[in-house]
1. Give the residues of the range 14-32 that are under 14 Å from Lys3 (Cα atoms) and in contact with a His (Cβ under 9 Å, 6 or more places away or on another chain), sorted by residue number.
2. For the subset of the range 1-43 comprising residues that are part of a loop (DSSP other than H, G, I, E, B) and without any contact (Cβ under 8 Å) to a residue 12 or more places away in the chain, which member is farthest from the chain's Cα centre (by Cα)?
3. Could you tell me which residue of the range 4-21 is surrounded by the fewest Cβ atoms within 10 Å (Cβ to Cβ), considering only residues that are modelled with pLDDT of 90 or more and among the basic types (Lys, Arg)?
Amino acid sequence: MPKVTAKKRNALPEKSFAEPGKRKYPIENSNHAKNALARVSQFGTEAEKREVRAKVHARYPAIGKKTVANKKGKSQKKG
(Lines give C-alpha, C1' and ligand atoms only; values in the text may rest on other atoms or scores of the structure.)
Protein backbone atom coordinates (compact mmCIF):
# COMPACT_ATOMS: atom_id res chain seq x y z
CA MET A 1 0.00 0.00 0.00
CA PRO A 2 1.52 3.33 -0.98
CA LYS A 3 2.21 5.71 1.88
CA VAL A 4 0.08 8.83 1.97
CA THR A 5 2.29 11.86 2.52
CA ALA A 6 1.05 14.83 4.53
CA LYS A 7 0.71 16.83 1.33
CA LYS A 8 -1.39 14.12 -0.37
CA ARG A 9 -3.48 13.58 2.76
CA ASN A 10 -4.23 17.30 3.02
CA ALA A 11 -5.26 17.34 -0.65
CA LEU A 12 -7.82 14.55 -0.19
CA PRO A 13 -11.46 15.67 -0.18
CA GLU A 14 -13.51 15.26 3.00
CA LYS A 15 -15.46 12.35 1.47
CA SER A 16 -12.22 10.34 1.36
CA PHE A 17 -12.25 9.94 5.15
CA ALA A 18 -14.43 7.71 7.29
CA GLU A 19 -14.44 10.51 9.87
CA PRO A 20 -14.41 13.61 7.67
CA GLY A 21 -14.69 16.21 10.46
CA LYS A 22 -11.53 14.85 12.09
CA ARG A 23 -9.96 13.81 8.75
CA LYS A 24 -9.28 10.40 10.30
CA TYR A 25 -9.23 6.99 8.65
CA PRO A 26 -8.71 7.69 4.93
CA ILE A 27 -10.77 5.41 2.68
CA GLU A 28 -9.92 6.79 -0.77
CA ASN A 29 -9.20 3.29 -2.06
CA SER A 30 -9.98 -0.27 -0.97
CA ASN A 31 -6.55 -0.89 0.58
CA HIS A 32 -6.84 2.18 2.78
CA ALA A 33 -10.43 1.23 3.65
CA LYS A 34 -9.24 -2.19 4.87
CA ASN A 35 -6.52 -0.49 6.86
CA ALA A 36 -9.05 1.95 8.35
CA LEU A 37 -11.09 -0.99 9.63
CA ALA A 38 -7.99 -2.55 11.16
CA ARG A 39 -6.84 0.66 12.84
CA VAL A 40 -10.23 1.59 14.23
CA SER A 41 -10.57 -1.94 15.62
CA GLN A 42 -7.31 -1.45 17.49
CA PHE A 43 -7.57 2.15 18.62
CA GLY A 44 -11.07 3.50 18.04
CA THR A 45 -13.92 4.08 20.43
CA GLU A 46 -17.14 2.11 19.98
CA ALA A 47 -18.73 5.13 18.26
CA GLU A 48 -15.76 5.47 15.90
CA LYS A 49 -15.89 1.76 15.10
CA ARG A 50 -19.57 1.98 14.16
CA GLU A 51 -19.02 5.08 12.02
CA VAL A 52 -15.95 3.76 10.20
CA ARG A 53 -17.55 0.37 9.51
CA ALA A 54 -20.67 2.05 8.14
CA LYS A 55 -18.69 4.38 5.86
CA VAL A 56 -16.41 1.61 4.58
CA HIS A 57 -19.31 -0.77 3.90
CA ALA A 58 -21.29 1.97 2.16
CA ARG A 59 -18.40 2.78 -0.16
CA TYR A 60 -16.97 -0.74 -0.55
CA PRO A 61 -19.80 -3.24 0.13
CA ALA A 62 -17.61 -6.33 -0.33
CA ILE A 63 -15.03 -5.35 2.29
CA GLY A 64 -15.49 -6.98 5.65
CA LYS A 65 -18.37 -9.25 4.74
CA LYS A 66 -18.20 -12.38 6.85
CA THR A 67 -18.06 -15.70 5.04
CA VAL A 68 -18.23 -19.25 6.29
CA ALA A 69 -16.84 -22.33 4.58
CA ASN A 70 -19.31 -25.02 3.63
CA LYS A 71 -18.51 -28.74 3.83
CA LYS A 72 -16.91 -28.70 0.36
CA GLY A 73 -14.52 -25.91 1.40
CA LYS A 74 -16.24 -23.19 -0.63
CA SER A 75 -16.96 -19.81 0.95
CA GLN A 76 -20.51 -18.64 1.39
CA LYS A 77 -21.82 -15.30 2.60
CA LYS A 78 -22.96 -15.43 6.17
CA GLY A 79 -26.59 -14.42 6.42
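The values are calculated or read from the model by the stated rules, or taken from the named source; none is laboratory data. Just so it is clear, the structure is predicted and the values come from calculations on it, not from any experiment. Note that we place each Cβ from the backbone using ideal geometry, even for glycine, and neighbour counts take in every protein chain shown.
1. Tyr25, Pro26, listed by residue number.
2. Looking only at the range 1-43, we keep the residues that are part of a loop (DSSP other than H, G, I, E, B), and these are 1-5, 12-13, 20-23, 27-29.
After this cut, where a residue has to be without any contact (Cβ under 8 Å) to a residue 12 or more places away in the chain as well, the list is 2-3, 5, 13, 20-22, 29.
Numbers: Pro2: 16, Lys3: 16, Thr5: 19, Pro13: 16, Pro20: 13, Gly21: 16, Lys22: 16, Asn29: 9 Å.
The extreme case among them is Thr5.
3. Out of the qualifying residues, it is Lys7.
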